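Below you'll find the structure, written out as C-alpha cells, and then a few comments.
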Amino acid sequence: MSIASVIAVPFATRRRRRIIWIASSFVLLALAIAGLSLGDAAIPVPDVFAALFGRGEAGTRLIVVGWRLPRVVLGAAIGAMLALSGALFQVITRNPLGSPDILGFSAGAYTGALLVIIGGSVSTVALTAGAVGGGIASAALVFALVAWRGAGGTRLIIVGIALTAMLGAVNTMIELAADDVVAHTAAIWGAGSLNGIDGRWMPLILITFVLGGLAVAALAPGLTLYELGEDRATSLGVRPVRLRITAMLVGVVLLAVTIAAAGPIAFVALAAPQIARRVWRSGPMPFAASAMTGAVLLMFSDLLAARLFAPTMLPTGLVTIGIGGLYLAWMLSAANRRRR
Amino acid sequence: MEILLRPSPRLRAVLAAAIIIPLVLTATACAPDADSSSDGGADGADTIVVDSVYGEVTVPASPERVAAISYDTPWQVMSLDLPVVAAIDYTQWIDGYTEDQQAYIAEAAKVGSYGEVNFEALAGAAPDVIVGDAYEVDEATFTRLSEIAPTVIVGGDDRGDWQSITEDLATALGAHDTWEEAKTSYEARRDEVKEQYADVIAANTWANFSLGNEAGQFSIQLPGGSTGNLIVNEMGLAYGDGIPLDADDGSGYVSLPLEQIGATLAGVTVGLTYENPDGTKMPAIQDVIDSSLFQQLEIAKTGQVYGLVSSVTDYRTAEDWIDELTTKVLEPLSQ
C-alpha cells in the first residue's frame with residue numbers, strides 16, 4: 001500500500017471539495033472586506049481599495065491600512081495557525097478533544113508570556129520566547145506524565161485538563177502578585193484579543209505561518225498514515241516517535257506565537273479541524289481545510305467582537321469561547337445521537 | 001448592507017478632520033520658530049510643549065475638544081471647567097456618579113470600556129487633545145492614540161496622587177488658573193475643618209474600607225490611594241495600627257480575606273466607606289458590612305460606619321468629600 005493509495009479520493013469528492021474551497025475563499029474574502037470596511041467609521045468599499053493602493057484621504061488610509069489591515073491579515077493568519085496546531089495535536093493524540101486548549105499547552109504558553117510581562121518586557125521577541133518556552137515546557141510535562149502508560153486515549157486528555165487547571169491557578173496568582181498596571185495589561189491580554197494587535201507582529205506571524213504551513217505539508221503524508229494506526233504506519237515506513245515529537249514541536253510553536261501576539265484565544269484550535277473534517281468530508285485530517293476554517297472562524301469571531309456591542313469592543317477570545325461552547329454542545333449531542 | 005457601508009458625509013468630514021488637523025498642528029508645532037512667530041499671527045502661538053509620562057508632547061494652547069480616556073480623567077477635566085467630547089463607557093457604574101457628573105458626560109462620545117479603547121470611535125469624536133493616566137495607558141496605546149491627536153498621559157507619584165495628576169492635566173489643557181483656584185479653596189476648607197474638629201479627629205482612629213477584589217474579601221484604602229491620600233496625608237486622620245500603609249502593586253488599596261477584618265480594623269473607632277448618591281451601598285460593600293465578622297467589630301457595635309458619596313479625583317471632589325465628612329461624620333461625633 002502506498003501513501004498515494006491511502007489518500008486517493010474519488011473524482012466526485014474532489015469536485016465537491018473544489019467547490020467548498022472556492023466558496024470558503026469567497027467567505028474569507030468577504031470577511032476581509034467587511035473587516036476593512038465596517039467599524040465606528042464605516043468606510044465604503046471603493047475607499048477601502050483606494051486606501052489599500054495608497055490613495056484617498058490620509059485619515060481613511062490610517063484607519064484602513066494602519067489599524068484595520070493588520071487586524072484582518074493577522075486575524076486570518078492566527079486563526080489558520082491555531083487550527084493547524086489543533087489539527088496536529090488531534091492527530092498525534094488520535095482524539096478530537098486533543099487540542100492545545102484542552103491539553104494545557106495554551107495555559108503553559110500563557111504562563112511563559114505572563115512571566116515575561118511581569119519581568120517588565122512586552123517586546124515581540126521576549127513575549128514570543130516566553131510563550132514558546134512555556135508551551136514546550138507544558139507539552140513536555142504532559143507527555144512525561146502519561147509516557148509510562150502511553151499518550152493516547154482519555155488519559156492524556158485528563159492529564160491535560162488537570163494541567164490546564166493547575167496552570168490557570170498559577171496564572172491567576174501571577175496576575176494577583178503583579179502590580180496594578182501589569183496585572184491590568186495581563187488580564188486584558190489574557191482574555192485573548194485582536195483589539196490591540198498592530199503591524200509590528202506582521203513579520204513574525206506571517207513568517208511563522210509560512211514556515212509552519214510548509215512543515216505541516218511535509219508532515220502531512222506521514223500523519224495521514226499515522227492516523228491508520230501506529231503499527232500500520234510503521235510498516236509503511238513512518239517513524240512514529242520522531243513524527244510525534246516533530247509534529248508536537250511544530251504545533252507548540254504555531255500555537256505559542258499566536259499567544260504571544262494576541263493572548264490565548266480559545267476553541268479555534270479545538271473546533272476548526274473537526275468542522276473542516278465534516279465540511280470537507282475528509283477521512284484523514286484535512287490540514288489545509290483546517291487552516292481555512294480556522295481563518296474564517298477567527299475572522300468572523302473578531303468581526304462580531306468588534307461590532308456586536310460597538311463602541312464597546314469585546315475581547316475576541318470571549319466570542320470564540322461562545323462559538324466553541326456551541327460547537328461542544330453540538331458535538332456531544334451528535335455523539336449521543338450516534339449511541340442511540 | 002449597502003447602508004452600513006456608506007458613511008455619512010459628516011462622519012467622513014469629522015474623521016478627516018480628526019486625522020488631518022492634528023497632523024497639521026503637529027507639523028506646525030515642529031516647524032522652527034513656531035512658538036515665536038514674529039508676525040503676531042495666531043497660528044504660531046497656538047501650541048505649547050508639555051511634559052508627559054511618555055515624553056514631551058506638543059498640544060494646542062487652548063484645546064476645545066478634549067477626550068478623556070482613563071477612568072478618573074473625565075472628572076479631573078470636569079474640575080478644570082472644560083467639557084469633554086469623548087470618554088469611556090460609564091454605563092456599568094453610572095449609579096455611583098452624581099447627577100452633575102452624569103450630565104457632564106451625557107453628550108460625550110463613548111469610546112470603549114475601561115482599559116479597552118476603541119480607537120475608531122475616538123477618532124470619530126475628533127478630539128484636538130487626548131488625556132489619560134499612565135495606570136491605564138501603556139506606551140503602545142499612547143503611540144496609537146498619538147496618531148489621532150496629541151496625547152498627554154499623566155502619572156503623578158502613584159495612583160492616588162490627584163494633586164500632581166490634576167496639576168499636570170491643568171498645564172496640558174491650559175487651565176492652570178482654574179486648578180489654582182480650586183486648590184486654594186480646597187486648602188482653606190481643609191484647614192478650617194481640621195482646626196474646627198481637631199478634638200474629634202484626634203480622639204478617633206479611622207479606616208476607609210470597601211468591597212474586595214472577590215467575594216469573601218474586603219479592601220482598605222492605602223495612603224497611596226485617592227481617598228486614602230486625603231484621609232491620611234491631607235486631613236491627618238490616624239489609621240488603625242492593623243491597617244497596611246503600603247502595597248507593592250501600586251493600586252492604592254489592598255484586598256484582604258474577610259477572616260482578616262478583625263485584625264485589620266482592630267482599634268478603629270470610625271469606619272468610612274462609599275455609598276451611591278441615593279444613599280444605597282453597592283451590594284458587595286453591603287455584604288462586607290452584613291458579614292458576621294464585621295458585625296463583631298467595635299465600629300459595627302457603635303454604629304460608627306459612614307458612607308460618603310464623593311469619589312475623590314481632584315481638588316473639587318476632595319473639597320466635596322471634606323464637606324460630606326463634616327456634615328455626616330465630624331459634626332455628629334462632636335455632639
Among B:I289, B:I261, B:I231, the single one that is more than 22 Å from B:S311 (Cβ to Cβ), assigned to a helix (DSSP H, G or I) and open to solvent by less than 30 Å² (accessible area, probe 1.4 Å) is B:I261
If we ask which residues in the stretch B:109-137 are over 23 Å from A:I43 (Cβ atoms) and out of contact with any Pro (no Cβ under 7 Å at 6 or more places or on another chain), their number turns out to be 10
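Taking helices (runs of 4 or more DSSP H) that do not extend beyond the stretch A:34-133, which have at least 1 residues that are under 14 Å from the mean Cα position of the chain (by Cα)? Let's see the steps before the verdict.
Working: elements: A:45-52, A:58-61, A:69-93, A:100-103, A:105-118.
Per the criteria, A:69-93, A:100-103, A:105-118.
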When every residue in the stretch B:156-174 that is open to solvent by less than 10 Å² (accessible area, probe 1.4 Å) and outside any helix (DSSP H, G or I) is compared, the one farthest from B:A86 (Cα to Cα) is B:G160
Of the conditions (1) among the hydrophobic types (A, V, I, L, M, F, W, C); (2) open to solvent by 40 Å² or more (accessible area, probe 1.4 Å); (3) in a strand (DSSP E or B), the single one that B:V254 does not satisfy is (2)
Expected single match for open to solvent by 10 Å² or more (accessible area, probe 1.4 Å), out of contact with any Phe, Trp or Tyr (no Cβ under 8 Å at 6 or more places or on another chain) and of a type in the set (F, W, Y) among B:Y239, B:Y197 is B:Y197
Exercise for review: Kindly indicate whether B:A106 is hydrophobic (A, V, I, L, M, F, W, C) and free of Cβ contacts under 8 Å to residues at least 40 places away in the same chain.
Suggested key: yes
Picked from the stretch A:254-283 (must be small (G, A, S) and within 13 Å of A:S193 (Cα to Cα)), the residue most open to solvent (accessible area, probe 1.4 Å) is A:A266
Within the stretch A:16-37, restricting to residues that are away from every other protein chain (no Cβ under 14 Å) and among the hydroxyl-bearing types (S, T, Y), the one that is surrounded by the fewest Cβ atoms within 10 Å (Cβ to Cβ) is A:S25
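The values are calculated or read from the model by the stated rules, or taken from the named source; none is laboratory data. These numbers were taken from a predicted model, which means no experiment stands behind them. Reconstructed Cβ throughout: ideal geometry from the backbone, glycine too, with neighbour counts over all protein chains shown. Accessible surface areas use protein heavy atoms only, side chains included; no ligands, DNA or RNA. Shrake-Rupley method; radii C 1.70, N 1.55, O 1.52, S 1.80 Å.
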